[in-house]
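First the structure, in the form of structure tokens, and then the observations on it.
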Amino acid sequence: MKKSMTALKQHLNKNSTAGVVFALPFIIGFTMFMIVPMGMSLYYSFCEFEILGAPKFIGIENYIKMFTEDETFYKSISVTFFYALVSVPLRLTFALIVALILLRNTKATGFYRAAYYLPSIIGGSVAISILWKRLFAEDGTFNHLLQAIGVNSHFSWLGNKNTAIWVLILLAVWQFGSSMLIFLSALKQIPSSLYEASRVDGSGKVNQFFRITLPLLTPTIFFNLVMQMISGFLAFTQCFIITQGRPMSSTLFYSVYMYQQSFEFYNTGYGAAMAWVMLIIISAITAILFKTKKLWVYEGGF
Amino acid sequence: MKKRVLAIFMALVLAAGLTGCSSNNASETTSSKQEETTKQAQSEGKDETTAVTTAASGEALELSITWWGSQTRADLTQEALTLYESLNPGVTFDGQFLSGADYWNKLATSAAGHTMADVIQMDKAYIQQYVDNGMLVDLQPYVDSGVIDLSNVDPSVQEFGRIGDGLYAICIGVNSPALFYNKTLLDENSIEVKDNMTMDEFLEICRQVYEKTGYKTNLQYNNGTSWMDFYLRSFGEATFADGKIGASEENIASFFNLYKIGIEEGWLVDPSVFAERTIGQPEQEPLVYGSDPSNMSWCAFYFSNNMASITNAAPEGMEIGITTWPSDDAVKSNFLKPSMFFSVSVDSEHPEDAAKLIDFWTNSVDCNKILLGERGVPVSSVVADAIAADMSATDQMVVEYINNVVTPKCSAMSPASPNGATEVYDLVYKLEEKVCYQEMTPEDAAKELMTQGNKILESKQ
């Protein structure tokens with residue numbers, strides 16, 4: 001008895017036990033809220049599951065239906081790709097430009113950094129989405145601004161299938177704050193000796209930017225690109241609140257369509273299958289980005 | 001080896017973290033949803049504990065009740081529940097309300113988790129699905145035992161809640177399709193609207209109004225399919241029959257053609273107007289809201305119980321009139337609809353107490369003096385007579401409309417919508433949209449509805 005007690009004590013006193021104990025909350029949380037739900041959703045994706053009734057196993061029928069019959073599925077994929085591939089580069093460009101401007105240290109810099117960061121905190125909220133909807137209404141602020149500069153615009157930006165998606169893209173670009181901060185910190189790490197040396201050699205500002213700043217920023221650009229790409233593909237609130245996919249599915253994001261299938265049409269099994277297809281798409285895109293990494297990302301030291 | 005495991009583990013953590021940050025927006029909504037469900041779960045949990053005390057002492061009891069609707073409805077409902085609480089010491093309520101679309105999403109998730117409220121507001125479009133999956137309690141035993149007294153209720157009214165052999169919902173108010181119109185505008189331009197107008201007469205008014213005033217017409221754009229059903233009924237058809245699309249392609253095409261005519265002649269409210277509005281919200285209805293006649297409508301296709309909210313939303317000086325939806329065969333088209341059902345969910349721990357509340361709602365004059373027909377004209381004839389004196393002029397107009405205009409000329413309501421109907425509604429919306437944006441002819445839209453609609457319904461049977 002005593003022997004086993006000491007054995008237990010010894011066991012508890014080991015470093016690894018402490019590690020396990022301290023990691024336990026995370027492990028339990030990760031299992032319960034990630035692994036188990038993911039497993040369930042994988043199972044449901046092979047089921048006919050109407051959320052109200054019990055799931056019925058039907059094999060890969062959901063996937064077959066998705067790829068062979070569902071036109072809206074392809075439509076939502078193309079909308080999402082367009083949205084992500086346009087908004088992410090625009091957002092990064094914008095973030096970089098603002099970061100370069102805010103790099104100079106003046107008294108007001110701190111204020112401006114905070115002010116420009118604000119949209120990325122509040123931008124994904126429902127309130128901002130509703131505000132955006134009013135901003136681009138036929139009698140909204142945007143048209144009033146156009147009228148003020150002499151353009152007699154009564155255009156319904158959200159009601160036209162060619163412009164509605166741009167309203168959403170603009171909202172995404174506006175949320176450039178977090179990328180901007182990351183760029184800022186990366187810019188500060190570029191040693192000033194490089195700039196000094198190039199100045200001695202007679203190099204101009206533009207030349208410096210393309211020869212020094214940009215190459216040394218590529219790891220940061222890469223990081224931002226991957227992160228923003230993933231969030232771009234998962235965008236939901238903007239579309240759900242502002243357009244609901246209208247007009248004519250021209251702004252129907254994949255995640256919103258998935259939500260509709262799962263909770264509005266009660267095709268929850270089909271929705272789960274869509275979620276897994278999205279996971280594969282995002283993984284593939286991330287993998288492709290990583291593959292291209294060695295072609296353009298500078299990984300040497302300064 | 002250990003290092004490698006650690007590395008893999010770290011990678012997993014990182015991956016989880018990445019998805020965590022990146023799904024920012026999505027997770028925000030899910031977490032709020034989770035919050036709601038946990039809140040509900042908690043209240044359910046509370047229920048369980050109170051259930052024990054009830055069994056022991058027969059006193060404290062909390063019932064949960066959910067409904068959809070406007071702020072006005074929420075206030076009135078809350079007030080009526082407080083009255084019930086004061087009459088039945090020990091009973092307390094946890095009332096929750098949501099807007100229409102959100103309501104059904106949330107109800108579905110809570111049904112899946114078996115955390116539905118005790119009393120839930122039901123609708124014809126969904127009841128079949130919930131009964132098929134055994135989510136609702138058969139209320140017939142409570143009617144038989146006298147807990148729910150339906151002796152003053154017209155039996156045909158309660159037929160609406162009967163699915164198969166059971167009575168799964170009690171109708172708590174009757175309404176009917178009603179066309180609200182801008183009476184002030186029409187009077188000023190001496191355009192006359194009469195009850196039971198035909199389709200041609202209606203179209204003529206649309207043209208006249210547009211010509212004289214610039215005001216347009218909203219043909220219930222993307223807001224339910226009751227208008228389509230109403231139109232099809234005039235041909236003796238219905239949107240659904242035997243789990244299929246129940247109308248002929250030809251008649252559906254003629255329905256979509258109304259939109260085409262409207263767009264071509266210019267009197268239909270442009271679909272882009274609706275991109276900026278929350279469709280179905282009385283306050284944002286083109287009848288009462290808009291910056292210019294070109295984005296406003298002289299009429300709105302609604303149900304009679306919305307009269308009060310539309311009148312409240314109308315700008316000062318705009319008098320709202322009420323008449324029937326246009327049809328070439330008024331008797332076939334018009335119907336009385338139970339505007340609201342109350343059902344008891346299988347998740348309820350106290351079905352009998354829930355049934356008592358429904359009885360109170362149906363038969364208590366005091367309760368209905370608070371509600372005053374906001375969910376439709378009370379089903380009990382005794383109650384309806386008793387509260388008539390307390391009603392506002394607007395509410396009395398609605399009662400008069402139901403009793404004197406619709407009741408003499410109407411037929412039975414279309415049967416409950418089959419499983420998969422919500423997806424078909426969405427299809428109809430998309431087709432309306434395509435016709436209005438002139439991307440599709442009415443004939444093609446009808447064909448699409450027949451093939452796609454039947455395919456959806458088939459997959460759900």
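The values are calculated or read from the model by the stated rules, or taken from the named source; none is laboratory data. The structure displayed is predicted, hence computed values, not measured ones. Cβ atoms come from the backbone with ideal geometry, glycine included; neighbour counts cover every protein chain shown. These area figures cover heavy atoms from the full protein model, side chains too; ligands, DNA and RNA do not enter into them. Shrake-Rupley method; radii C 1.70, N 1.55, O 1.52, S 1.80 Å.
Scanning region A:140-161 for residues that are of a type outside the set (Phe, Trp, Tyr) and within 13 Å of B:Ala275 (Cβ to Cβ) yields A:Gly140, A:Ser156, A:Leu158, A:Gly159, A:Asn160, A:Lys161.
If you go through region B:257-267 and keep only what is closer than 16 Å to B:Phe301 by Cα and either out of contact with any Lys or Arg (no Cβ under 7 Å at 6 or more places or on another chain) or open to solvent by 10 Å² or more (accessible area, probe 1.4 Å) (or both), you end up with B:Leu258, B:Tyr259, B:Gly262.
Restricting attention to region B:271-313, the residues that are at pLDDT 85 or above, in contact with a helix residue (DSSP H, G or I) (Cβ under 9 Å, 6 or more places away or on another chain) and among the charged types (D, E, K, R) total 1.
Per-residue answers, yes or no, for (1) open to solvent by 30 Å² or more (accessible area, probe 1.4 Å); (2) in a helix (DSSP H, G or I); (3) aromatic (Phe, Trp, Tyr); (4) within 14 Å of chain A (Cβ to nearest Cβ):
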| residue | (1), (2), (3), (4) |
| --- | --- |
| B:Ser272 | no, yes, no, yes |
| B:Glu276 | no, no, no, yes |
| B:Ile279 | yes, no, no, yes |
| B:Ser291 | yes, no, no, yes |
| B:Ser294 | yes, yes, no, yes |
| B:Phe301 | no, no, yes, no |
| B:Met307 | no, yes, no, no |
| B:Gly317 | yes, no, no, no |
| B:Gly321 | no, no, no, no |
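Looking only at residues of region A:266-282 that are at the interface with another protein chain (Cβ under 10 Å from one of its Cβ atoms) and either within 30 Å of A:Phe136 (Cα to Cα) or assigned to a helix (DSSP H, G or I) (or both), we find that the one that is modelled with the lowest pLDDT is A:Thr268.
For (1) modelled with pLDDT of 90 or more; (2) within 12 Å of chain B (Cβ to nearest Cβ); (3) out of contact with any His (no Cβ under 7 Å at 6 or more places or on another chain); (4) not in a loop (DSSP other than H, G, I, E, B), each residue gets a yes or a no:
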{"position": "A:Arg134", "(1), (2), (3), (4)": "no, yes, yes, yes"}
{"position": "A:Ala137", "(1), (2), (3), (4)": "no, yes, yes, no"}
{"position": "A:Gln147", "(1), (2), (3), (4)": "no, no, yes, yes"}
{"position": "A:Ser153", "(1), (2), (3), (4)": "no, no, yes, no"}
{"position": "A:Lys161", "(1), (2), (3), (4)": "no, yes, yes, no"}
{"position": "A:Val167", "(1), (2), (3), (4)": "yes, yes, yes, yes"}
{"position": "A:Ser178", "(1), (2), (3), (4)": "no, yes, yes, yes"}
{"position": "A:Phe183", "(1), (2), (3), (4)": "yes, no, yes, yes"}
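Closer than 28 Å to A:Phe263 by Cα and within 13 Å of another protein chain (Cβ to nearest Cβ) - does that describe any residue in region A:6-29? So far as region A:6-29 goes, yes, one or more of its residues are closer than 28 Å to A:Phe263 by Cα and within 13 Å of another protein chain (Cβ to nearest Cβ). For the residues B:Val399, B:Val383, B:Val365, the requirement of being open to solvent by 20 Å² or more (accessible area, probe 1.4 Å), among the aliphatic types (A, V, I, L, M), out of contact with any Ser or Thr (no Cβ under 7 Å at 6 or more places or on another chain) and farther than 23 Å from B:Ile322 by Cα singles out B:Val365.
Let's see how each residue does on (1) free of Cβ contacts under 8 Å to residues at least 12 places away in the same chain; (2) open to solvent by less than 50 Å² (accessible area, probe 1.4 Å); (3) closer than 30 Å to A:Leu216 by Cβ; (4) not aromatic (Phe, Trp, Tyr):
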position: A:Ile58; (1), (2), (3), (4): no, yes, no, yes
position: A:Lys65; (1), (2), (3), (4): no, no, no, yes
position: A:Lys75; (1), (2), (3), (4): no, no, no, yes
position: A:Leu145; (1), (2), (3), (4): yes, no, no, yes
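Could you give every pair whose Cβ atoms fall below 6 Å, whose first residue belongs to region B:422-443 and is without any contact (Cβ under 8 Å) to a residue 40 or more places away in the chain, and whose second residue is part of a loop (DSSP other than H, G, I, E, B), counting only separations of at least 6 or pairs across chains? Partner pairs satisfying both residue conditions: B:Glu423/A:Phe265; B:Lys434/B:Met440. You will find that of B:Leu203, B:Leu268, B:Leu258, the residue that is over 23 Å from the mean Cα position of the chain (by Cα), modelled with pLDDT of 90 or more and within 14 Å of chain A (Cβ to nearest Cβ) is B:Leu268 and no other. Within region B:437-460, the set of residues being more than 9 Å from chain A (Cβ to nearest Cβ) and hydrophobic (A, V, I, L, M, F, W, C) comprises B:Met440, B:Ala445, B:Ala446, B:Leu449, B:Met450, B:Leu457.
The residue that is surrounded by the most Cβ atoms within 10 Å (Cβ to Cβ), among those in region A:238-255 that are in a helix (DSSP H, G or I) and out of contact with any Leu (no Cβ under 8 Å at 6 or more places or on another chain), is A:Tyr254. Of all residue pairs spaced 6 or more apart or on separate chains, those with beta-carbon atoms under 6 Å, a first member in region A:41-52 that is within 11 Å of A:Asn267 (Cβ to Cβ) and facing chain B (nearest Cβ under 8 Å) and a second member that is among the β-branched types (Val, Ile, Thr) and open to solvent by less than 30 Å² (accessible area, probe 1.4 Å) are A:Ile51/A:Thr268. Taking the listed residues A:Lys188, A:Lys205, the one that is more than 9 Å from chain B (Cβ to nearest Cβ) and either touching a residue at least 60 places away in the same chain (Cβ under 8 Å) or within 30 Å of A:Ser129 (Cα to Cα) (or both) is A:Lys188, with no other qualifying.
Selection within region A:116-127: residues that are away from every other protein chain (no Cβ under 11 Å) and of a type outside the set (Phe, Trp, Tyr). The member of this set that is nearest to A:Gln244 (Cα to Cα) is A:Ala127.
All of A:Ala172, A:Ala235 fail the test of being within 14 Å of chain B (Cβ to nearest Cβ), touching a residue at least 40 places away in the same chain (Cβ under 8 Å), outside any helix (DSSP H, G or I) and within 18 Å of the chain's Cα centre (by Cα), apart from A:Ala235. Looking only at region B:128-147, count how many residues are over 23 Å from B:Asp94 (Cβ atoms), open to solvent by less than 40 Å² (accessible area, probe 1.4 Å) and within 14 Å of chain A (Cβ to nearest Cβ). Number of matching residues: 2. Within region A:84-91, at least one residue is under 27 Å from A:Gln244 (Cβ atoms), open to solvent by less than 60 Å² (accessible area, probe 1.4 Å), among the hydroxyl-bearing types (Ser, Thr, Tyr) and part of a helix (DSSP H, G or I).
Among the helices (runs of 4 or more DSSP H) confined to region B:50-149, the ones with at least 1 residues that are under 16 Å from the mean Cα position of the chain (by Cα) and not basic (Lys, Arg) are located at B:71-87, B:100-112, B:124-132.
Within region A:31-49, at least one residue is modelled with pLDDT under 90, closer than 21 Å to B:Leu427 by Cβ and not in a loop (DSSP other than H, G, I, E, B).
Quick check on A:Val226: is it surrounded by fewer than 22 Cβ atoms within 10 Å (Cβ to Cβ), farther than 19 Å from A:Glu61 by Cα, more than 7 Å from chain B (Cβ to nearest Cβ) and modelled with pLDDT of 90 or more? Answer is yes for this residue.
Every residue, every condition in (1) part of a helix (DSSP H, G or I); (2) at negative phi; (3) open to solvent by less than 60 Å² (accessible area, probe 1.4 Å), yes or no:
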residue: B:Val405; (1), (2), (3): yes, yes, yes
residue: B:Met413; (1), (2), (3): no, yes, yes
residue: B:Leu431; (1), (2), (3): yes, yes, yes
residue: B:Asp444; (1), (2), (3): yes, yes, no
residue: B:Lys447; (1), (2), (3): yes, yes, no
residue: B:Gln452; (1), (2), (3): yes, yes, yes
